[in-house]
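Reviewing the structure listed below.
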Amino acid sequence: MRTEGRRTSNNIEDRRGMRSGGKMAVGGGIGAVVIALIILLLGGDPSSFINTSPAVPTESGEFTSTPAEEEMVNFVSVVLAGTEDVWGRVFQQSNMTYQPPVLVLFRDQVQSACGFATAASGPFYCPGDNKVYIDLAFFDDLKANLGVNGDFAIAYVLAHEVGHHVQNLLGILGDVNNQRSRMSEVNANRLLVRLELQADFLAGMWAHYDQKMFNSLEAGDIEEAMNAAASVGDDVLMKKYQGRVVPDAFTHGTAAQRKDWFRRGYTSGDFDQGDTFNANIN
């Protein structure tokens with residue numbers, strides 16, 4: 001992805017030198033390691049894996065960074081700025097005003113309006129404070145554990161989380177969460193899959209307009225994003241870490257579905273084609 005000469009975002013909150021108190025609450029049955037791996041699916045409902053106890057004090061402290069980590073900070077800042085520019089224009093064309101999220105960088109653990117989380121939670125969006133939370137070490141884990149490579153794979157992850165913010169601004173996220181609260185677990189999971197696939201579509205839609213506005217894509221970038229999307233499909237992760245696939249437990253969609261909806265967003269750039277809630281997603 002070409003980033004030379006592009007602006008960085010001011011909407012970044014760097015908490016890498018802060019530590020939060022509290023405990024991670026992980027619901028039972030599967031085992032903490034498997035749950036942590038499944039959470040790597042990206043962008044799920046944070047209330048399902050974050051301790052929702054009241055906020056606790058944080059402590060500031062020294063932290064040591066590396067040139068490679070600071071390069072990563074700059075890269076995600078450029079990508080975040082790109083999402084601000086793209087969605088700002090898209091919203092303006094519909095006579096709406098885009099309010100960008102804040103990206104919180106943390107290490108190990110963090111307190112959000114959705115509760116307390118650790119790095120094992122993976123990147124997540126919290127609608128309670130309109131912030132995206134990322135421990136940059138996640139991207140090293142993504143490469144080491146799932147073989148996901150390339151800078152545009154990182155861009156896809158961030159764009160997916162910002163996609164949840166777009167859904168929140170449009171009222172989609174709140175409506176889905178209200179519906180899910182009245183459903184059985186299986187039906188709630190099915191609706192969550194459609195929410196997540198739409199976030200993949202919105203990530204693709206961002207890539208479509210970022211290329212148009214900034215000529216940002218290099219050879220292989222879209223393939224990197226598609227590979228990342230496929231690597232975190234429910235079927236792929238369940239097969240790899242549990243040895244079996246349980247469709248009723250899907251929360252994000254299969255590898256094929258995730259790739260397909262990202263591709264649709266990228267090729268069309270048309271929000272009206274991203275109605276995953278009424279589409280045949282099988």
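Tabulated values for the structure
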read-out: Unmet requirement for residue 267, which otherwise passes all of (1) over 20 Å from the mean Cα position of the chain (by Cα); (2) at pLDDT below 95; value: (2)
read-out: Helices (runs of 4 or more DSSP H) within the range 99-209 that include 3 or more residues within 11 Å of the chain's Cα centre (by Cα); value: 151-169
read-out: Any hit, the range 69-88, residues being in a loop (DSSP other than H, G, I, E, B) and either among the charged types (D, E, K, R) or touching a residue at least 60 places away in the same chain (Cβ under 8 Å) (or both); value: no
read-out: Residue 113 more than 15 Å from residue 76 (Cα to Cα), crowded, with 23+ Cβ neighbours inside 10 Å, in contact with a strand residue (DSSP E or B) (Cβ under 6 Å, 6 or more places away or on another chain) and of a type in the set (A, V, I, L, M, F, W, C); value: no
read-out: Selection within the range 239-264 - of a type outside the set (Ser, Thr, Tyr), under 19 Å from the mean Cα position of the chain (by Cα) and either outside any helix (DSSP H, G or I) or surrounded by 17 or more Cβ atoms within 10 Å (Cβ to Cβ) (or both); value: 250, 252, 253, 255, 257, 258, 259, 260, 261, 262, 263, 264
read-out: Single match in 244, 258 (criterion: modelled with pLDDT of 95 or more, out of contact with any Pro (no Cβ under 8 Å at 6 or more places or on another chain) and among the basic types (Lys, Arg)); value: 258
read-out: Count - residues of the range 191-211 that are touching a helix residue (DSSP H, G or I) at 6+ places or on another chain (Cβ under 8 Å) and either among the hydroxyl-bearing types (Ser, Thr, Tyr) or farther than 16 Å from residue 261 by Cα (or both); value: 2
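The values are calculated or read from the model by the stated rules, or taken from the named source; none is laboratory data. From a predicted model like this one, the values you see are computed outputs, not experimental measurements. When we count neighbours, we look across all protein chains shown, and the Cβ atoms used for this are built from the backbone with ideal geometry, even at glycine.
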